[in-house]
Amino acid sequence: MRYYPLCLDISGKRCVVVGSGIVAERKVERLLACGARVEVVGKALTPILAAWKEEGRIVHREADYEDSCLSGASLVIGATDDEAVNARIAKNAHARGIPVNIVDDPARCDFILPSVVERGDLLIAVSTGGKSPALARKVREDLEEAYGAEYAVLLEILGELREKVIAAGRSSAENRERFAAVVRSEILDDIRRKDWTKVKEMIRSLTGVEMEVGQR
């Protein structure tokens, strides 16, 4: 099976995680980071999940799983250690047309969760199609070495620069050339050295845009 890669906006949407252990905790953490409204279904919460409950960051349904748990959900993750329960979660979610992920069981998943590297708004996802999480983790670790915090700074600069370049009214082709020139330049090295004068000069010489840059 080949999965269609996409980035999904789940901010403010109800996402249900069935399971309350360490694996569920990791899934909940990612959902919260993306702004979801998370409900956890399960009996005994991990200390961290319990703390998030106390802080009002998650809703906890202290009960065994049943079909009604999925009502109104936009996304479901099954993270229990009971294969029969996980099978029911997948079946119920499919019947309701709700995208579902069953941890470590790609055959029952509508989607799989990639291993990710985040540098600000830069997100690099690694997937092995569910065949080898260990390899996905290894590739992610290699990427973390290759792509440091300077990429987050560069992306923030490029976001501001894009608005200014487009506002100048040049053609799309000209704009693409300017953006490509900046990305191909040595600007990342200047950012690593925190040489903001050089960064500013580089942007001006390649795009004609004056920008205030500094520690981000």
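The values are calculated or read from the model by the stated rules, or taken from the named source; none is laboratory data. Note that the structure is a prediction, hence the values are computed from the model and not measured. Note: ideal-geometry Cβ built from the backbone for every residue, glycine included; neighbour counts use all protein chains shown.
Quick notes on this structure:
- Enumeration of residues in segment 129-181 that are among the hydroxyl-bearing types (S, T, Y) and either under 14 Å from V116 (Cα atoms) or touching a strand residue (DSSP E or B) at 6+ places or on another chain (Cβ under 7 Å) (or both): Y147, Y151
- 1 or more residues within 30 Å of S185 (Cβ to Cβ): qualifying strands (runs of 3 or more DSSP E) within segment 58-165: 115-119, 122-126
- Segment 166-216, subset outside any helix (DSSP H, G or I) and polar (S, T, N, Q), residue modelled with the lowest pLDDT: Q215
- Selection within segment 195-216 - of a type in the set (K, R) and either under 20 Å from D121 (Cα atoms) or in contact with a helix residue (DSSP H, G or I) (Cβ under 7 Å, 6 or more places away or on another chain) (or both): K198, R216
- Selected residue [assigned by TED's automatic domain parsing to the domain that holds N101, on the phi > 0 side of the Ramachandran plot and surrounded by 14 or more Cβ atoms within 10 Å (Cβ to Cβ)] from G78, G19: G19
- Flag if A51 is out of contact with any Cys (no Cβ under 6 Å at 6 or more places or on another chain), crowded, with 18+ Cβ neighbours inside 10 Å and part of a helix (DSSP H, G or I): no
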